[in-house]
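Structure record follows, encoded as structure tokens.
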Number of protein chains: 2
Amino acid sequence: MAKELKDLTKRSTDYSRWYNELVVKADLAEQSDVRGCMVIKPYGYAIWERMQQTLDQMFKETGVQNVYFPLLIPKSFLSKEAEHVKGFAKECAVVTHYRLKSNEAGDAVVVDPEARLEEELIIRPTSETTIWNTYRKWIHSWRDLPLLCNQWCNVMRWEMRTRLFLRTSEFLWQEGHTAHATREEAEARARQMLEVYADFAERYLAIPVVQGVKSETERFAGALDTYTIEAMMQDGKALQSGTSHFLGQNFGKAFNVQFVDKENKLDYAWATSWGVSTRLMGALIMVHSDDNGLVLPPHLAPIQVVIVPIYKTAEELEQLNKRLGEISDNLRQLGIRVKYDNAENKRPGFKFADYELKGVPVRLVMGPNDLKNNTIELMRRDTLEKETIDATGIEAYVKNLLEEIQTNIFTKAKTYLDSHIFECNNYDEFKERVKDGGFFLCPWDGTAETEAQIKAETQATIRCVPFDVSQDNPGTDMVSGKPAKYRVLIARSY
Amino acid sequence: MAKELKDLTKRSTDYSRWYNELVVKADLAEQSDVRGCMVIKPYGYAIWERMQQTLDQMFKETGVQNVYFPLLIPKSFLSKEAEHVKGFAKECAVVTHYRLKSNEAGDAVVVDPEARLEEELIIRPTSETTIWNTYRKWIHSWRDLPLLCNQWCNVMRWEMRTRLFLRTSEFLWQEGHTAHATREEAEARARQMLEVYADFAERYLAIPVVQGVKSETERFAGALDTYTIEAMMQDGKALQSGTSHFLGQNFGKAFNVQFVDKENKLDYAWATSWGVSTRLMGALIMVHSDDNGLVLPPHLAPIQVVIVPIYKTAEELEQLNKRLGEISDNLRQLGIRVKYDNAENKRPGFKFADYELKGVPVRLVMGPNDLKNNTIELMRRDTLEKETIDATGIEAYVKNLLEEIQTNIFTKAKTYLDSHIFECNNYDEFKERVKDGGFFLCPWDGTAETEAQIKAETQATIRCVPFDVSQDNPGTDMVSGKPAKYRVLIARSY
């Protein structure tokens, strides 16, 4: 393991390869034998599970309830919302048959041609259509609104180029779908859920994000507005980490979801949808980790503290087991997730390298001398700093340190982000500098033509119109020379 | 609602219709527009979620870790384990294409014939094949064992006749898949997980179960032994509520999963798999509920206590809000899930009927006179008994009562089960009595022929060889007259 670890490509050598290797070496996920679909391994899943539980609680605090809608969607549903079909009906897994049978030799199975479906079914790429088709039965009066549902599920989009967590054909996500009586309420809900995502990203993932609204080109298919949180990876590229859509009455009209309002008039319901996915795992890995492996924020780390005894004799081990067992128990009573690793079939050096690779925030080591002196060696993963400290009171010290590490890695990421957002008004300068990464605040005339030109010439896209950037006097479009409508954030992205 | 509720078919009139109506009226689930697939509504999902959380914790306490494997399985995988293919490769949803395109008119989408997959993919009916195909990469040495993985996911089996929760084409479940170095360890794990299921059923679902082992005919396809928990519905029919399989080395061999054992010899890994599904929702509903609606065990009820104020004037409401707000807060501090329903747009009678239908274990009602006298009216859902008691100390009283209700509904179900298990040694008598439901303990010669005859003539099947029934001198097979090998449990089932 120590050797394999050393083999991890350095970020400065090849950032992309470093990421691909790290996901596999840290036991987070691997490719399956189905093209573009991944296996999420126990260690990776344990992180995702903590994300799920935290977000689920945050959703529920805003009144959201969980539901489950079918995996399969009748093909015809996809054509009902005109914009939606353009964006989503294309790269889908299509179920055409419902039975296999043995072949003539009896040694394999073949598709039974007699079991062809009358209408093909699509594995959901997202569930607006099937959910709004059902909402028609649930919504009749303003009293039925708002309807605030969410589901945790798998979805599938047939991607041609895939990367673990960042872009896979099947992925896990949550999709929230709300229905409202008024435009204002729906718009407020879409913004509220973006706030939840931003808050989650900053407090748990320790990832600072830029909040904003997408350009028309980059909107979700069928939305009137798409709000986004954009995070910056260590190569200066953007990763869209969560989106929340104000869908207007598009799905209400497409699926004829009408309700009687307080004035006894019929109206179509207003909609939002919002989602985050296992893509967040990619962001988490890319933002904090280093050439030694993962760096996990304590709030999401499956193991927050690992404790390793160093010993030569069985007697030493016994004494260390006793003392370190006490410390482990005390830490657990403080709500800390501890692993005490006294496994005899691995050397300490191997363990150290492995937990470093896996990003465990704090490592405690005790040997016979420490035991004599009542000291313990502590290493924090974020800075790799080691210190030997008094073993008495170590529990409170570690508890504080975990919060300090959480804050420190957020601050580090925030400093990086802030120092890589550049104002830029000159297209030549932009073209040159964007190659090195970073987010560029540029004046844009608001046309799809300019947007397309930037993308074609630089591979960079308009990530959003940021909320916290003043839009007074946005200046002159750096490409067209026309008066700018907005200052937008432009970057290359994953 | 009060009227609709009255319309619930009585169990004695038509048990099956009562169930179907109740699932829909209590807002648990409904049919979707995809044949055989259901929508799980918020109230139903909230119950399922509690089941999940509880079981997940119980699994983890035995060392199990969660993972996620792909939804789609290459068709060829299904043929690798000879028995498995017979049982599972038939009624499956088959993905043949990966793209849609717009039709010529541009108003609908059609399957793109150019996007045909080289090898068809199957939506998982269960994941042994794909998981063991991956375990080959994870398992090399005895040090990698045991490997204890579980996933919560959706699966699909193309059922011809479906019923909400009991049998749906898509359902939610967990599937555990473990790998071991020895036969003994794998067998013990399979039994251990059955114990977890039985414990969960009894302590949370409040459903007593019979544990046992399936006959060869009823075994999981590819298993050497299938262990089962069988519950009795109120019509005396059995519902298989959870199974745990000892798979021997069948999948180890089919997918070539070999490891070096402690003696440095190569051997195939030993396997188990085990699962419970949304079918448990069906059991929960059918075992406890009555002609007034659901009866939920407090340990799983999303709302344990509902509190309703009765008032005429705004002033009365204000005073009641204050007092009942205090009681609600106090109950919540005791960890009780409370809903305070002072909604003004529904009459108390409507609320009472609705919460009765939804099976909320305890209802508290307070009016102006109660407020004056410091009393409160309490109704328990399991017995429908009402009493007016002192409002001081109501919190502790309710906390105890919830445990009492949990115990009471378990005891009621246990009494029913015990009084409907009959010893029977005569086939004519069996044929007559099995029509009225119940579990029959009968001597069986152990042959598939006898088993098939019983099934063909009575629609009853051998549910299991129960663990807690003595197998000394099992007697004479009631059908063939041959010496019996076992006393088995026979019943009609869902």
Quick check: anything in segment B:72-81 assigned to a strand (DSSP E or B), more than 7 Å from chain A (Cβ to nearest Cβ) and under 26 Å from A:S169 (Cβ atoms)? yes
Considering only segment A:139-149, I want to know if a residue exists there that is at pLDDT 95 or above, closer than 27 Å to B:L71 by Cα, surrounded by 14 or more Cβ atoms within 10 Å (Cβ to Cβ) and facing another protein chain (nearest Cβ under 8 Å). yes
Turns out the strands (runs of 3 or more DSSP E) fully within segment B:399-470 with at least 2 residues that are touching a residue at least 40 places away in the same chain (Cβ under 8 Å) and of a type outside the set (D, E) are B:439-444, B:461-466
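Look at A:A105 and say whether it is more than 7 Å from chain B (Cβ to nearest Cβ), farther than 29 Å from B:K75 by Cα, out of contact with any Ser or Thr (no Cβ under 6 Å at 6 or more places or on another chain) and modelled with pLDDT under 95.
no
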Filter result for A:F430 (under 19 Å from A:A231 (Cβ atoms) and not hydroxyl-bearing (S, T, Y)): no
Sole miss for A:W132 among (1) surrounded by fewer than 23 Cβ atoms within 10 Å (Cβ to Cβ); (2) more than 8 Å from chain B (Cβ to nearest Cβ); (3) of a type outside the set (D, E, K, R) is condition (1)
Give just the number: which of (1) outside the structural domain of B:K237 (by TED's automatic domain parsing); (2) of a type in the set (F, W, Y); (3) under 30 Å from A:R50 (Cα atoms) does B:W48 not satisfy? (1)
Within segment B:50-59, is there a residue that is of a type in the set (D, E) and either modelled with pLDDT of 95 or more or within 19 Å of B:F171 (Cα to Cα) (or both)? yes
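Determine if segment A:334-342 includes at least one residue that is on the phi < 0 side of the Ramachandran plot, assigned to a helix (DSSP H, G or I) and under 34 Å from the mean Cα position of the chain (by Cα). Spell out how you get there, then give the answer.
Within segment A:334-342, the subset on the phi < 0 side of the Ramachandran plot is A:334, A:336-342.
This time we only want the ones that are assigned to a helix (DSSP H, G or I), so: none.
No, that holds for no residue.
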Conditions (1) part of a loop (DSSP other than H, G, I, E, B); (2) modelled with pLDDT under 95; (3) of a type in the set (G, A, S) -> A:G87 fails only (1)
Confirm whether A:V67 is within 7 Å of another protein chain (Cβ to nearest Cβ) and without any contact (Cβ under 8 Å) to a residue 40 or more places away in the chain. no
Residue within segment A:10-30 that is within 9 Å of another protein chain (Cβ to nearest Cβ) and farther than 19 Å from A:E159 by Cβ present: no
Test set (1) part of a helix (DSSP H, G or I); (2) of a type in the set (A, V, I, L, M, F, W, C); (3) more than 23 Å from B:N154 (Cβ to Cβ) - A:V110 fails condition number: (1)
In segment B:355-368, which residue that is outside any loop (DSSP other than H, G, I, E, B) and of a type in the set (V, I, T) is surrounded by the most Cβ atoms within 10 Å (Cβ to Cβ)? B:V362
Show the residue pairs meeting these rules: Cβ distance below 6 Å; 6+ apart or different chains; first residue within segment B:329-351 and within 17 Å of B:G293 (Cβ to Cβ) and without any contact (Cβ under 8 Å) to a residue 40 or more places away in the chain; second residue in a loop (DSSP other than H, G, I, E, B) and aliphatic (A, V, I, L, M). B:K339/B:I303
When residues of segment B:31-52 are filtered for being in contact with a helix residue (DSSP H, G or I) (Cβ under 8 Å, 6 or more places away or on another chain), of a type in the set (G, A, S) and within 8 Å of chain A (Cβ to nearest Cβ), how many remain? 1
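Matching residues to (1) in the same structural domain as B:V64 (by TED's automatic domain parsing); (2) in contact (Cβ under 8 Å) with a residue 40 or more places away in the chain; (3) among the aliphatic types (A, V, I, L, M); (4) outside any helix (DSSP H, G or I):
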{"position": "B:H245", "(1), (2), (3), (4)": "yes, yes, no, yes"}
{"position": "B:G252", "(1), (2), (3), (4)": "yes, yes, no, no"}
{"position": "B:F259", "(1), (2), (3), (4)": "yes, yes, no, yes"}
{"position": "B:A271", "(1), (2), (3), (4)": "yes, yes, yes, yes"}
{"position": "B:W274", "(1), (2), (3), (4)": "yes, yes, no, yes"}
{"position": "B:M286", "(1), (2), (3), (4)": "no, yes, yes, no"}
{"position": "B:E316", "(1), (2), (3), (4)": "no, yes, no, no"}
{"position": "B:Q319", "(1), (2), (3), (4)": "no, yes, no, no"}
{"position": "B:K322", "(1), (2), (3), (4)": "no, no, no, no"}
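Just need a number here: residues in segment B:402-423 that are surrounded by fewer than 19 Cβ atoms within 10 Å (Cβ to Cβ) and either among the aromatic types (F, W, Y) or touching a strand residue (DSSP E or B) at 6+ places or on another chain (Cβ under 8 Å) (or both). Talk me through it step by step, then tell me what you get.
Just the residues of segment B:402-423 that are surrounded by fewer than 19 Cβ atoms within 10 Å (Cβ to Cβ), to begin with: B:403-404, B:407-408, B:411-412, B:414-416, B:418-423.
Filter once more, so that each one left must be either among the aromatic types (F, W, Y) or touching a strand residue (DSSP E or B) at 6+ places or on another chain (Cβ under 8 Å) (or both): B:416, B:420-423.
Going through segment B:402-423 one residue at a time, the tally reaches 5.
Can you find a residue that is at pLDDT 95 or above, under 33 Å from the mean Cα position of the chain (by Cα) and facing another protein chain (nearest Cβ under 8 Å) anywhere in segment A:172-179? So that I can check it myself, show each step before the final result.
Residues of segment A:172-179 at pLDDT 95 or above: A:172-179.
From the residues that got through so far, the ones that are under 33 Å from the mean Cα position of the chain (by Cα) too are A:172-179.
Then keep just the ones that are facing another protein chain (nearest Cβ under 8 Å); that gives A:172.
Yes: segment A:172-179 contains one or more residues that are at pLDDT 95 or above, under 33 Å from the mean Cα position of the chain (by Cα) and facing another protein chain (nearest Cβ under 8 Å).
Restricting attention to segment B:82-94, which residues are small (G, A, S) and either under 13 Å from A:V34 (Cβ atoms) or facing chain A (nearest Cβ under 7 Å) (or both)? Write out each step before concluding.
Our first condition is that a residue be small (G, A, S); within segment B:82-94, this holds for B:82, B:87, B:89, B:93.
Within segment B:82-94, B:A89, B:A93 meet the criteria.
Residue-wise test of (1) surrounded by fewer than 19 Cβ atoms within 10 Å (Cβ to Cβ); (2) within 17 Å of A:Y43 (Cα to Cα).
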residue	(1), (2)
A:E344	yes, no
A:A353	no, yes
A:D370	no, no
A:L378	no, no
A:T392	yes, no
Would you mind telling me which numbered condition in (1) crowded, with 23+ Cβ neighbours inside 10 Å; (2) within 31 Å of the chain's Cα centre (by Cα) A:L100 fails? (2)
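Taking the conditions exactly as written (hydroxyl-bearing (S, T, Y), touching a residue at least 12 places away in the same chain (Cβ under 8 Å) and touching a strand residue (DSSP E or B) at 6+ places or on another chain (Cβ under 7 Å)), does B:Y486 satisfy them or not? Walk me through how you get there before you give the answer.
Details: hydroxyl-bearing (S, T, Y): yes; touching a residue at least 12 places away in the same chain (Cβ under 8 Å): yes; touching a strand residue (DSSP E or B) at 6+ places or on another chain (Cβ under 7 Å): yes.
Yes, satisfied.
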Let me confirm something: among B:L55, B:L78, B:L72, which residue is among the aliphatic types (A, V, I, L, M) and within 24 Å of A:P125 (Cβ to Cβ)? B:L72
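May I ask you to say which residue of A:Q57, A:Q52 is without any contact (Cβ under 8 Å) to a residue 12 or more places away in the chain and either assigned to a helix (DSSP H, G or I) or on the phi > 0 side of the Ramachandran plot (or both)? I'd like the intermediate steps shown before the answer.
Working: A:Q52 fails: without any contact (Cβ under 8 Å) to a residue 12 or more places away in the chain.
Step by step, each of A:Q57, A:Q52 is checked, and only A:Q57 is without any contact (Cβ under 8 Å) to a residue 12 or more places away in the chain and either assigned to a helix (DSSP H, G or I) or on the phi > 0 side of the Ramachandran plot (or both).
The values are calculated or read from the model by the stated rules, or taken from the named source; none is laboratory data. Because the structure is a prediction, the values reported are computed rather than measured. All Cβ positions, glycine included, derive from the backbone under ideal geometry; neighbour counts span all protein chains shown.
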